[in-house]
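Notes for the one structure printed next.
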Amino acid sequence: MRVYFILFFLCIGLVSNAQKQEVQKSIEIFFEGFHQKDTLKIKSVCADKMILQSISESASKGNKLSDETAREFYKSIASIPSNMKFQEKILSYTIQIDVTMAHVWAPYEFYLNDKLSHSGVNTFTLFKEKDSWKIIYLIDTRRK
């Protein structure tokens, strides 16, 4: 009987870890597309009605919440000059899942031409649509 309990909990742990890996893979695909300026790749892991917001943190100017439509976001990615080098380094992932909804907390550092530009935290909310996880909400903080 004890062996069955151990096997049961082991299987639950494996399923949970597999789902977390699927969610993280969607976020990784998002950033691969971001770094490659490939809006089609980004769209492959985003819902059509994705919501995007940013919180700019500034001691001198105060904090500011801004909204961006998915269309504006894709247009801004596509218009990045080819000679501009940028990288968003994700420092860690904290992933929580409840059946068809996932939340990801991902601290980051953003580099522009190899120089630290700003840092903060990305939070993603994802929805499991059929067999894939789609980003439905993205909000980030930005501080110098």
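The values are calculated or read from the model by the stated rules, or taken from the named source; none is laboratory data. Model, not experiment: these values are computed from the prediction. FYI the Cβ positions are ideal-geometry reconstructions off the backbone, even for glycines, and counts take in every protein chain you see. Please note that ligands, DNA and RNA were not included when accessible areas were found on the heavy atoms of the full protein model with its side chains. Shrake-Rupley method; radii C 1.70, N 1.55, O 1.52, S 1.80 Å.
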Do the conditions hold for residue 66, that is, is it free of Cβ contacts under 8 Å to residues at least 60 places away in the same chain, under 21 Å from residue 115 (Cβ atoms) and open to solvent by 40 Å² or more (accessible area, probe 1.4 Å)?
-> no
Here the qualifying pairs (Cβ atoms under 6 Å; residues six or more apart or on different chains; first in region 112-132 and assigned to a strand (DSSP E or B) and at pLDDT 95 or above; second open to solvent by 30 Å² or more (accessible area, probe 1.4 Å) and of a type in the set (S, T, N, Q)) come out as 128/100
Going by the structure shown, is residue 136 in contact with a helix residue (DSSP H, G or I) (Cβ under 6 Å, 6 or more places away or on another chain), open to solvent by 30 Å² or more (accessible area, probe 1.4 Å), of a type in the set (A, V, I, L, M, F, W, C) and assigned to a strand (DSSP E or B)?
-> no
Which residues, taken from region 34-46, are assigned to a helix (DSSP H, G or I) and touching a residue at least 40 places away in the same chain (Cβ under 8 Å)?
-> 34, 35
Inside region 59-110, can you point out the residues that are in a strand (DSSP E or B), more than 14 Å from the chain's Cα centre (by Cα) and among the aromatic types (Phe, Trp, Tyr)?
-> 86
Residue 115 meets each of (1) surrounded by fewer than 16 Cβ atoms within 10 Å (Cβ to Cβ); (2) within 17 Å of the chain's Cα centre (by Cα); (3) farther than 27 Å from residue 48 by Cβ with one exception, condition (2)
Check off (1) over 19 Å from residue 50 (Cβ atoms); (2) open to solvent by 30 Å² or more (accessible area, probe 1.4 Å) for residue 86 and give me the number that stays unchecked.
-> (2)
Evaluate region 90-98: report whether one residue or more is open to solvent by less than 90 Å² (accessible area, probe 1.4 Å), touching a residue at least 24 places away in the same chain (Cβ under 8 Å), among the hydroxyl-bearing types (Ser, Thr, Tyr) and within 22 Å of residue 22 (Cα to Cα).
-> yes
Which one of the conditions (1) touching a helix residue (DSSP H, G or I) at 6+ places or on another chain (Cβ under 7 Å); (2) farther than 21 Å from residue 29 by Cβ does residue 126 fail to meet, given that it meets all the rest?
-> (2)
